[in-house]
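Bear in mind that the values in this text are calculations on the coordinates, not laboratory data. Keep in mind that this is a model prediction, so the values were computed, not measured. Reconstructed Cβ throughout: ideal geometry from the backbone, glycine too, with neighbour counts over all protein chains shown.
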Amino acid sequence: MNIWKKLTIYACGILLTCAVFSMAVMAGGSPLKDNACGACHQDYSKIMPQKHPDVGPAKGTACLTCHTTDPAKNEPTKFSTDVHKVHQGGKTKLECSVCHIL
Ligand code: HEC
Ligand code: HEC
Ligand code: HEC
């Protein structure tokens, strides 16, 4: 086989692998930054909804220790829906990149 043909096939293979990989990563939405909430909210017990189930001493722990979106489902949870609503006009307006690694 001619060298250029071989190279082209390799290049296509690499591109395809990258595409599949990035789709898998993006499936649950783009990942969150480290300390995505703590950058602005120091006291988590203050932003926990009033009618939140009692979580005892865990009140004040980062929300995401309990609330994560299942990456396999790629569906908004009530938590992510609430968080998006609050920060997209509800109480303030943030760019997606404030919380997500884009
Ligand atoms: C760039 C700053 C910033 C980041 C990052 C941020 N928030 Fe907020 N958030 C705000 C502001 C400003 C408000 C509106 C004022 C307030 O209620 O403190 C708010 C309000 C809220 C409220 C409503 C609180 C209330 O008084 O009803 C919740 C819940 C909340 N944020 C959760 C989160 C979570 C969870 C994250 C991380 C995924 C997060 N925030 C990341 C700035 C931020
Ligand atoms: C120790 C675990 C834990 C922590 C930490 C936690 N939560 Fe929750 N949260 C729960 C549980 C359990 C429920 C009930 C969910 C259910 O019924 O599926 C809930 C429910 C909610 C709901 C109602 C919507 C829903 O998913 O049912 C909101 C909104 C919410 N939490 C916001 C927050 C915020 C904001 C924080 C951070 C300040 C936070 N939670 C921290 C465990 C936690
Ligand atoms: C205040 C922080 C914050 C901002 C701003 C934000 N998001 Fe999110 N986003 C979250 C959190 C928290 C989750 C759920 C946690 C997880 O994915 O593990 C999430 C999840 C998602 C998901 C996965 C599906 C879901 O709802 O769980 C998508 C898609 C998404 N965000 C898109 C966006 C887009 C597009 C924007 C800008 C218009 C945006 N987000 C802005 C915090 C934020």
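Data for the structure
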read-out: Cβ-based exposure ranking for Met1, Met48, in which fewest neighbours within 10 Å come first; value: Met1, Met48
read-out: Long-range tail of P(r) for segment 44-102 (Cα pairs > 17 Å, %); value: 48
read-out: Length released on extending from Lys59 to Cys40, taking residue separation times 0.36 nm less the Cα-Cα span; value: 5.1 nm
read-out: Cα-based reach from Lys91 at 30 Å (exclusive), listing lysines while leaving out same-chain residues under 8 positions away; value: Lys33, Lys46, Lys51, Lys59, Lys73, Lys78
read-out: Per DSSP, loop trypsin sites (Lys or Arg not before Pro) in segment 36-75 with at most 16 further Cβ within 10 Å; value: Lys51, Lys73
read-out: Amide H contacts under 5 Å for His100, placed H, 5+ residues apart; value: Lys33
